[in-house]
C-alpha cells in the first residue's frame with residue numbers, strides 16, 4: 001500500500017544555539033559554525049515546527065579539544081535523533097499506553113483528532129522509542145560514557161521535564177549534551193529537589209567528571225544540581241531564559257493591543273455618527289430592522305429605502 005504524503009503547515013521556526021559560550025577546557029570563547037548541526041520539521045501536539053540546531057567549536061590551536069562540537073541542550077528536548085515527531089508526542093503515547101492502557105487504534109484516533117498526521121504503524125514505532133527512552137536507566141553503560149570523558153574531558157549534563165496532556169506525573173529526561181545521549185528518564189509524581197536528585201543518582205554513582213550542567217531556571221532543579229554537583233558550573237537554557245524574559249513584554253503588548261482596539265472602535269463609532277444623516281442612520285441602523293410587515297410599512301425595508309431616496313433627491 002503506497003504511503004500517504006504529509007502536508008504540514010509549519011507553525012513556527014526555531015533555531016537553537018548552544019548554551020555554552022566558552023570552552024570548558026581552555027576557557028577561550030567558542031566560535032559558531034556556519035552550518036546547522038541538524039535541521040528538520042517536527043510534528044508536536046500543538047502543530048508542526050521547523051527546528052534547526054547550530055553548533056559551536058573551540059578554535060584555540062593550543063586546546064586539546066580543538067574542533068569538538070558543542071550543541072544545544074534545548075534542541076535535544078524537542079525530539080530524538082532520526083525522528084520527525086516531538087518528544088511530547090512520544091511521551092503522550094507512552095502515557096496513554098502504559099498508564100491509561102489504550103490500544104494502538106485509540107491512541108491513533110486521539111492524535112489525529114489533535115491534528116497530528118500519523119498512521120497506526122507509526123504509533124507502534126514511537127511507543128518503541130518511548131520504551132527505549134525509559135529503559136536508559138536500566139542499561140547505563142559506564143564504559144561508553146568513559147570513552148566520552150576520554151574524548152571530551154568530561155560530561156555536560158542537561159535536565160528537562162515534560163507533562164503530557166491528562167498526566168498526573170511529569171516525564172523528566174537527563175541527557176549528555178555533547179553526544180545527545182539519553183542517560184536517565186523517569187516519571188515523577190512529585191517534582192522537588194529530592195526527587196530530581198534521586199533521578200540523577202545513577203549518573204552521579206558513575207563517578208565520572210562533569211564539566212557543566214544545563215537546565216531551565218526552576219528553583220527545584222537548581223537546588224538539586226547544587227546538591228549533587230556543588231562545584232560544577234551551571235548554565236541556564238537560553239530558550240527558557242529568553243521565553244521568561246519576553247513574557248512581561250508580551251503581556252504589555254497584549255494589554256496595549258486591547259486598549260488600542262477599544263479606542264479605535266469608539267472613534268469609528270463617533271465618526272460614523274457624524275457623517276451619517278438622520279435618514280441614513282435610520283436606514284443602516286440594525287435597531288430599525290424589518291419587523292415582518294407588508295411593503296410600504298414605516299418599519300419595512302422598502303419604506304426605509306424610499307425615505308432615503310426622497311431625502312437624497314434625484
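Listed by position, the helices (runs of 4 or more DSSP H) contained in segment 111-221 that have at least 2 residues being in contact (Cβ under 8 Å) with a residue 40 or more places away in the chain and under 22 Å from the mean Cα position of the chain (by Cα) are 120-134.
Remark: residue 107 matches the filter, which requires a residue to be crowded, with 21+ Cβ neighbours inside 10 Å, at pLDDT 90 or above and over 21 Å from residue 12 (Cα atoms). The condition (being under 30 Å from residue 111 (Cβ atoms), in contact with a strand residue (DSSP E or B) (Cβ under 8 Å, 6 or more places away or on another chain) and either surrounded by fewer than 20 Cβ atoms within 10 Å (Cβ to Cβ) or assigned by TED's automatic domain parsing to the domain that holds residue 95 (or both)) is satisfied by just one residue among 162, 140, 145: 162. Just one of (1) crowded, with 18+ Cβ neighbours inside 10 Å; (2) touching a helix residue (DSSP H, G or I) at 6+ places or on another chain (Cβ under 6 Å); (3) modelled with pLDDT under 95 fails for residue 87. It is (2).
Scanning segment 61-84 for residues that are in contact with a helix residue (DSSP H, G or I) (Cβ under 7 Å, 6 or more places away or on another chain) and in a loop (DSSP other than H, G, I, E, B) turns up 65, 68, 77, 78, 80, 83. When segment 92-109 is filtered for residues that are closer than 17 Å to residue 166 by Cα and in contact with a helix residue (DSSP H, G or I) (Cβ under 7 Å, 6 or more places away or on another chain), the ones remaining, listed by number, are 93, 94, 96, 97, 102, 107, 108.
Is there a residue being modelled with pLDDT of 95 or more and surrounded by 19 or more Cβ atoms within 10 Å (Cβ to Cβ) anywhere in segment 26-42? Looking for residues that are modelled with pLDDT of 95 or more and surrounded by 19 or more Cβ atoms within 10 Å (Cβ to Cβ), one finds at least one in segment 26-42, hence yes.
Residues checked against (1) assigned by TED's automatic domain parsing to the domain that holds residue 165; (2) without any contact (Cβ under 8 Å) to a residue 24 or more places away in the chain; (3) closer than 21 Å to residue 215 by Cα:
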| site | (1), (2), (3) |
| --- | --- |
| 52 | yes, no, yes |
| 73 | yes, no, yes |
| 94 | yes, no, no |
| 103 | yes, yes, no |
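Of all residues in segment 131-158, which are in contact with a helix residue (DSSP H, G or I) (Cβ under 6 Å, 6 or more places away or on another chain) and under 25 Å from residue 54 (Cα atoms)? Correct list: 158 only.
The values are calculated or read from the model by the stated rules, or taken from the named source; none is laboratory data. For clarity, every value in this text was computed on a predicted model and none was experimentally measured. Neighbour counts are summed over all protein chains in view; Cβ atoms, including those assigned to glycine, are modelled from backbone coordinates with ideal geometry.
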